[in-house]
Amino acid sequence: MASRGLVGIFFLSALPLLCLELRRGGPDVGIKDFILLCGRIFLLLALLTLIISVTTSWLNSFKSSQVYLKEEEEKNEKRQKLVRKKQQEVQGEKASRYVENVLKPHQEMKLKKLEERFYQMTGETWKLSSGHKLGGDEDSVLENASHTCFETSNRDAAKKRKLPKPLTKVSPPAEQPTQNKVPDLPEEPSETAAEVVTVALRRPSGSVLRRRFFKSCSSQVLLDWMMKTGYHTSLYGLSTSFPRRPLEVEGGRSLEDIGIAVDTVLNVEEKEQSS
């Protein structure tokens, strides 16, 4: 609308110019000159309208961009306010839950302890008990009291009568092995000696002892070695590891005769006590 008004004003101002030109020319002005003059005036008006329309559109776009920026800023402020409000609500809920679940129980426990301490100091601890209702519960309380009195009287009477003690079978003490003198072991042969076998003795404690013997040695030397380590022959015996079988040791047989011809592992095992 503003551009149209400006165009009208320029058009009205061009009319006096047209009249002046016609007066100057007088009667000599022809049709061609008149047409050229009109064309110049219309060309000028067209240029002016173009300039005005471009400037007005630019101004309108600049104003619209400013308005858009203001609207975006207002929207952002509203969003920030909503987010802050939600955060405040969440924090408020957390605070209320903390008060209900932590602070209140803690304060109640503290007050209860202070109350108990106060009644203990004043001697009014009966206020801390729930007590008994009057009426039907009195009979049950009296029955319980009489029952406890009857039990205590029976116990006192049994103590006075000196009831015979129950006979308990006392198991005889285990026979202690006699400390016989253990003969000395033969000297241990060297590793390079011929006809030598290595025997490993695995004790119940888990430790393992190793020693070399000649194959021609008496098998009794194995029992002597076991007794040297602290395991008496009356309580413990020897057995092979795999296959597991008790080792038959006789004084007249050598190690090779009882099957110990190669390096062997023997287990020290407790004998089964006959009842």
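The values are calculated or read from the model by the stated rules, or taken from the named source; none is laboratory data. All figures in this text were calculated on a predicted structure; none of them were measured in a lab. All Cβ positions, glycine included, derive from the backbone under ideal geometry; neighbour counts span all protein chains shown. Each accessible area value is taken on the protein alone, full model and side chains, heavy atoms only, with ligands, DNA and RNA left out. Shrake-Rupley method; radii C 1.70, N 1.55, O 1.52, S 1.80 Å.
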#### Entry: Cβ-derived FRET efficiency at R0 45 Å, Glu272 paired with Ser216, nearest 0.05
0.85
## Note on the structure
Contour minus Cα-Cα span, Lys70 to Thr122, at 0.36 nm per residue, comes to 11.3 nm
### Query
Given the protein chains as shown and a 1.4 Å probe, how many square angstrom of Ser207 are accessible, to the nearest 10?
40
### Message
What figure, in Å² to the nearest 10, do you get for the accessible area of Ile41 with a 1.4 Å probe and non-protein molecules left out?
### Response
30
### Query
Considering only protein heavy atoms, what is the solvent-accessible area of Glu269 at a probe of 1.4 Å, reported in Å² to the nearest 10?
50
### Task
Report the full-extension gain for the segment Leu59 to Glu115: residue separation times 0.36 nm, less the Cα-Cα distance, to one decimal in nm.
12.1 nm
### Paramagnetic label zone (point 7 Å from Cα along Cα-to-C-beta, His106; backbone N under 15 Å) in the range 55-97
95-97
### Message
Quick check: at a probe of 1.4 Å, how many percent of the accessible area of the range 54-132 sits on carbon and sulfur atoms?
### Response
55
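Go ahead and run the numbers for FRET between Ala194 and Val265, Cβ-Cβ distance against an R0 of 30 Å, rounding to 0.05. Working shown, then result.
On the way: r = 22 Å, r/R0 = 0.74.
Between Ala194 and Val265 the formula returns 0.85.
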